[in-house]
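Rule-based calculations on the coordinates, nothing more; no lab input. The structure presented is a predicted model; accordingly, all values stated were derived computationally and were not measured. Don't worry about glycine lacking a Cβ; one is built from the backbone with ideal geometry, like all the others, and counts go over all protein chains shown.
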Amino acid sequence: MPILSHVGRKSVKGRAAILTIYLVLFGGAITMLYPFLLMLSGSIASNHSEYEFRLIPRYLYEERGLFETHVFNKYYRYSGVADVEQQWKVDIPSLAGGGKAPWTNIPIEPPSSADGQTPSAQAVFEYELCRKPDLSDPRIQQRISDYNEFREKHLPLALRDCYWIGSRSRSFQGDDEYREFLRAKYQTLEPLNEKYGTMAGSWPEVYAPYDRLHNRSIYVEDTPQQRDWFEFKSRQPIAFARPAVSEFGWSDFLNKRYKGDLEALNKAYRTSYPRFFDIGLSETKPTAESMATDWSEYVRTRLAARFMQFTGGAASDALWRSFQKTRLGKVELPTLPDTQAVNSPPTKQLNDLLLEFVATTLPLEDLRVVSAENLYRRFLLDKYGSLEALNTAHKLSASSIEQVYFPMPETDWKEMMDDPWSVKGYTLSRAYRTAINHILHHKQSLWNTAVFCAFAVAGALVVNPLCAYALSRFNLPAAYQILLFLLATMAFPAEVTIIPNFLMIKNFPLLRIVCGALGAGIGVGMVMIFLSWRKPILLTLAGIIGTGLGAWLVSDSVAYLVQLADTGSGNVSLLNTYWALVLPSIASGYSIFILKGFFDSLPAEIYESATIDGASELRIFATITLPLSKPVLAVIALWTFTAAYGSFTWALIICQDEKMWTLMVHLYQYQLYVDACERMAGFALASIPTLLVFILTQKMILKGIVLPSYK
C-alpha cells in the first residue's frame, strides 16, 4: 500500500511532500556522484591543473589553459616554475609587482587580487606570462625558425637536455618515449635491471637520468644507462632539444653578490641593466675591472666544466700536465679534455681535478665560456653579421649581444598552436596509459584478484547460508548464545583480528584438523559397528574421544615421524597462498545474522509441505530456501566481492611474495611514485569491476528491497 493515496497526491501538502522526497534523493545522488566525477576529471587533468577540482579541465575549452598545460608539462621538474625561470630567463618574483619582459616586449600587469595583496609569482606566471604573441609577425616567425635551426645543427649533444622528462613522482611524454625506446631495446625489465644495476618493478618506475647539466658538480660517467640516454637524446626530434642553460646561475650569483642591489651593480659596471636576469655571461673575460672580477670568480668557483673550452694550446696543456703530476704523481691525460664530448669527463675524480685546475692554475685568458647561450649568440652574429641586423630581423632592441636570449615563449606558443590536439590527446590519455601499462606489467595480480574474489564469494554463499539455515530451521538449545556471539563479532573492526588471523595462517594446524576428523569418523564408526543400539550419547562420546586422540596423539606422532615441521607439531604455513586470502573471509557474523532473519520470515507451510513430500533437509535448502533468498544472497555476494576486491592491508600482510599480490596492493605501490592524475586514473580503472558487478546484481538487490511488500 502506498504511503500517499492517489487522492492525497493531488493536494498541496502531498505534492510538497513528494517534491521534498525527490529533492532529498537528488541531493543524495549529487553528493555521491560529484566526488566520482571529480575523480574522473582529475584523471584527465594536466599536472598543472590536478588540484583545481574542476569537472571539466580548462585545457579542453580554453586556449590559455591549454598553453599553461603545455608549458607545465614541458618545463616542470622539482621546483614548480624554477625551470621556466631558467629556460625563459625571467625573474618571476620581480615581475610580481609589474614590469616588462624584454625578450618579448610584452608589458606585465599584475593580476588583481581579491584581498588587495600582491599576487604570487606563480599567479603572474600563469596569467600574465602566458599571453599569446603575434605569431603572424614574420619577425617572430624568424626568431622561432633561427632557434630551431640552432638546436638542430649547432647545439652539441653534451649541452642538450630533453623536455618532458619528469621526476620520480611525475610522468611526461619524454618519459613514455624513453621507456618505449628501452622496451624496444631490452624487451623486458630483467635484462635492463641487470645491466643498469637497478630494481625497477614496472616500466613506470623507469626514469631517465636527471642531467642537471648546469650543475657544477654533475659529471657524465660512462655507464650503460648514460650511453643509452645519450643514444635516446640523439634520436629525438628537435622539439625535444633543451639547451643546457648556464646564465640563470650567473644572474643568481650576481644577485647574491650584490645583495639584490641592482643600482650598486650598475654603478660598478657603469651600465643600466633593468634586472639581474639581463646580464649575460660573457664568452671571454671582460675588459672592465669590476665585471672581470665577478666573471673570474664565477668561472673559477661556479661554472660547470662542460661549459669550458681551453684556448691556450700547448701552453695550457703543459700547465695541465704539470698540475696532474703535482696532484696525482703521474700524468693521465697529456692534453686538456674536450669538455663538449659526450662522455667527458668519464670519472668524478677527473671532473674534480679539472675544476681544481681551472680554479687554481689556468690563466682565465686561455678559457672561453662555451655555453648554449653563447653558442646561440655566435650563431646569430655569424648569420646576420651585426647586432643591428639581428635586432631588425628579430624585432629586438638589444644593446649588446649578451642581452639576446632563446625565444622560449614564442617557440612554446607555436608548438602548441601547430598541434593543439596532440597536447590535448596526450594529456587526456597520459594518466590512463601509465596506469594500464603498470597493471598489464603485473598481469598476475589480475589473476590473483579474480581467484580471491571468486572463491571468497563462493565460500560466503555456501558457508553463511548453511549456518543461518541451521539456526533458523532447527530449534537449537544454544541458538540465542550463538546469535549473540555472531553479533559480538560485528562490534569490533576487522583490524582487531588481523594479528590473530595472521598467527593462525602462519601456523595453520592442518595435520591436527585432518587427523581429528579421521579420528572422529573412526570412533563413531566403531561404536556403530559394535553397539547395535547406537545411542546418541555413545556416538557423541566416540566422536569427542576420536577427535581428541586424532588431533593430539596421532597428529603429533605422525608429525614427529615424517618431520613435517621442526617442532614436530605438524603445523603448516599458508602465507603467500590463496587459502590465506580466502579462509578468513568466508564466514561473516553480519551475513549470518541477515540471512537468519530472512529465513525466519519465510512461510513455515512451504517447509511442512516439502517434509510431507519426503524431501530431505539438503534438498529443501537447495531447491526452496536458496531460490527464495536470491535477493539477499545477491547483496551478500556484492558485499563479499567489494570487501575482497578492495582488500589491501590483509592481502599485503599475508602475501609478502610480490607474485601473490592482488591488484589493490600493486595499485598502492603504483601510487607511491606517480602524480595525482595517474593515481586517480588507477582508481577509476579499479572501480570498473565493482561497477560491473553492481550492474549485474542490481535487479536482484532491488527485488530484495520490495520483496517484503509481496509476502
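Overview of values
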{"quantity": "Per DSSP, loop trypsin sites (Lys or Arg not before Pro) in region 336-405 with at most 16 further Cβ within 10 Å", "calculated": "Lys395"}
{"quantity": "Relative pair counts by distance (%), Cα atoms of region 385-460, 5 Å bins", "calculated": "3, 12, 10, 9, 8, 8, 7, 7, 7, 6, 5, 4, 4, 3, 3, 2, 1"}
{"quantity": "Given charges at beta-carbon only (K, R positive; D, E negative), |dipole| of region 378-433 in Debye", "calculated": "260"}
{"quantity": "Prolate/oblate/rounded call for region 266-334, Cα gyration tensor, a/c under 1.5 rounded", "calculated": "prolate"}
{"quantity": "Relative frequency of Cα-Cα separations exceeding 17 Å in region 579-711, percent", "calculated": "70"}
{"quantity": "Region 198-302: trypsin sites (Lys or Arg not before Pro) falling in loop per DSSP and having at most 12 other Cβ within 10 Å", "calculated": "Lys259, Arg270"}
{"quantity": "Gyration tensor (alpha-carbon) shape descriptor, region 159-243, a/c threshold 1.5", "calculated": "prolate"}
{"quantity": "Sequence-distant residues sharing a close amide H with Val370 (under 5 Å, placed H)", "calculated": "Met308, Gln309"}
{"quantity": "Between region 623-637 and region 415-456, the alpha-carbon center distance in angstrom", "calculated": "37"}
{"quantity": "Neighbour-count ranking [beta-carbon atoms within 10 angstrom, fewest first] of Val423, Val635", "calculated": "Val635, Val423"}
{"quantity": "For Ala288, net neighbour charge (Lys/Arg +1, Asp/Glu -1) across residues whose Cβ lies under 11 Å away", "calculated": "0"}
{"quantity": "Within region 589-676: Cβ-based charge dipole about Cα centre, in debye rounded to nearest 20 (Lys, Arg +1; Asp, Glu -1)", "calculated": "120"}
{"quantity": "Dipole of region 276-342, positive end: most advanced residue of Ala318, Ser282, Val331 [Cβ charges, Cα centre]", "calculated": "Val331"}
{"quantity": "Tally of Lys pairs whose C-alpha atoms are under 30 Å apart, taken over region 247-411, 8 or more apart or cross-chain", "calculated": "14"}
{"quantity": "Lys443, Lys185, Lys285, Lys596 arranged by Cβ crowding within 10 Å, fewest neighbours leading", "calculated": "Lys443, Lys185, Lys285, Lys596"}
{"quantity": "Gain upon complete extension [Lys348, Thr361; 0.36 nm per residue less C-alpha separation]", "calculated": "2.7 nm"}
{"quantity": "Of Lys195/Lys233; Lys74/Lys185; Lys74/Lys132; Lys13/Lys699, pairs whose Cα-Cα distance is over 22 Å", "calculated": "Lys74/Lys185; Lys13/Lys699"}
{"quantity": "Relative counts (whole %) of C-alpha pair distances in region 247-411, using bins that are 10 Å wide", "calculated": "9, 33, 32, 19, 6, 0"}
{"quantity": "Stretchable slack from Leu23 to Phe492, in nm (0.36 nm times residue separation minus alpha-carbon distance)", "calculated": "165.2 nm"}
{"quantity": "Net charge, Thr611 excluded, C-beta distance under 11 Å - Lys, Arg +1, Asp, Glu -1", "calculated": "-2"}
{"quantity": "Region 330-459 - Kirkwood radius from inverse mean 1/r over Cα pairs (Å)", "calculated": "21.7"}
{"quantity": "Student exercise, region 159-243 dipole from Lys, Arg, Asp, Glu Cβ charges, in Debye to nearest 20", "calculated": "260"}
{"quantity": "Per-residue Cβ neighbour rank within 10 angstrom, fewest leading, Phe307, Phe240", "calculated": "Phe240, Phe307"}
